[in-house]
Amino acid sequence: MLYPIIGYFMFDKHCFFSRKNSGNPIFQGWYADPEAIILQHKYWVFPTYSARYEKQVFMDAFSSTDLITWEKHSKIIDTSAIKWANKAMWAPCIVAKDDKFFLFFSANDIQNSERKGMGANKPENDDTVGGIGIGVASKPEGPYKDYLGKPLINQFYNKAQPIDQSVFKDKDGKYYIIYGGWGHCNIGKLNKDFTGLIPFENGNLVKEISPKDYVEGATMFIRKGKYYLMWSEGNWTDGTYKVAYGVSDSVFGPFEKKSTILVADEKVATGAGHHSVMNIPNTEDWYIVYHRRPIPNEGRDHRVTCIDRLYFNKDGSIKNVKMTFEGVQRRVLR
């Protein structure tokens, strides 16, 4: 199904614009935690289906050739394919590698930080089952099947809840997984086939790189040789959610907090956060794709996916993001 900008009045009376712009939100429905990426010469967004955890048991994806009209790909993965997941699938992250597509996700919202071992052989209703998993498919739109048959990470290393993963490819081709909730951010090195983590020299599987005020939702990118770590602060269930960032010369940091660049705007929306960043190759055109809460907001899970431009100052710092109803201009990949 295609979703043009017309018809967005279900979210906000201001969302009617010329087809030269995407409009915000960019597609209909309650969706959060969007992962934006360019795959097979198309724009793709993989979001969380924003609902109560017992109903949040599948994921949709959306693709576009111009950032204006989006095609919905329904239920690319669900708990029927991931047998150890029984609720709360969220925070998708996708990697194209070796002619396959790997969909990383969080599941079950596990809360037990004291257990030992992977726990994959425990009953589904046991709180030790869950964490970060991986689906695999031959196409971006799936369908995805369980890659490991168990979570990749389900331990609370450094007190970080195993959620909100982002996979980052470094300049040397190595892949790192950056993740963590409960105010702690970890980084680990993925092995070549994504079946596990490569221990660091001290034997630990992950290192903590938590910046000041970090809560969750980390993402990383490189610009002009610098590593940018971005994350969410505040409470995801209300209007305090926001985005901050830090910069380092190393993938391992340290990432000193520079500033908060995406905050609530009572004229537009509140609770903006858990985002991703997309760059048009060989250009300085950068986009931030994020979720926010329409005004008035009537429910915890009433979040929509939006896109706006991301701009940098001459010194490399990120300018404050202006949330808009217009979104971004039409852009066809060349």
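Throughout, read-outs are computed from the coordinates displayed, never taken from laboratory work. Note that this is a predicted model, so its numbers are computed, not measured. Note that each Cβ is placed from the backbone with ideal geometry, even for glycine, and that neighbours are counted across all protein chains shown.
Quick notes on this one:
- Loop sites in segment 181-252: GluC sites (Glu not before Pro), DSSP, at most 16 other Cβ within 10 Å: 201
- Start at zero, step by 10 Å, and the Cα-Cα distances of the chain spread as 6, 28, 37, 24, 5, 0 percent across the bins.
- Simple spin-label estimate for residue 333 and residue 309 in nanometres, 7 Å along Cα-Cβ: 2.2
- Modelled spin-label separation between residue 326 and residue 224, with each label point placed 7 Å from Cα along the Cα-to-Cβ direction: 2.6 nm.
- Full extension of the chain between residue 267 and residue 98 gives 56.3 nm of extra length, using 0.36 nm per residue less the Cα-Cα distance.
- Taken along the Cα-to-beta-carbon direction at a fixed 7 Å, the label points for residue 295 and residue 205 span 4.4 nm.
- Principal axis extents of the Cα atoms in segment 122-205, from largest to smallest and rounded to whole angstrom, are 36, 36, 22.
- Extension reserve of the residue 42-residue 286 stretch, reckoned as 0.36 nm per residue once the Cα distance is removed: 86.3 nm
- Antiparallel bridge percentage (DSSP; both residues within segment 218-334; nearest 5): 100
- For segment 238-256, the residues whose backbone nitrogen is under 13 Å from a point 7 Å from the Cα of residue 170, taken along Cα to Cβ, are 249-254.
- Gained length - residue 66 relative to residue 191, 0.36 nm times residue gap less alpha-carbon distance: 41.5 nm
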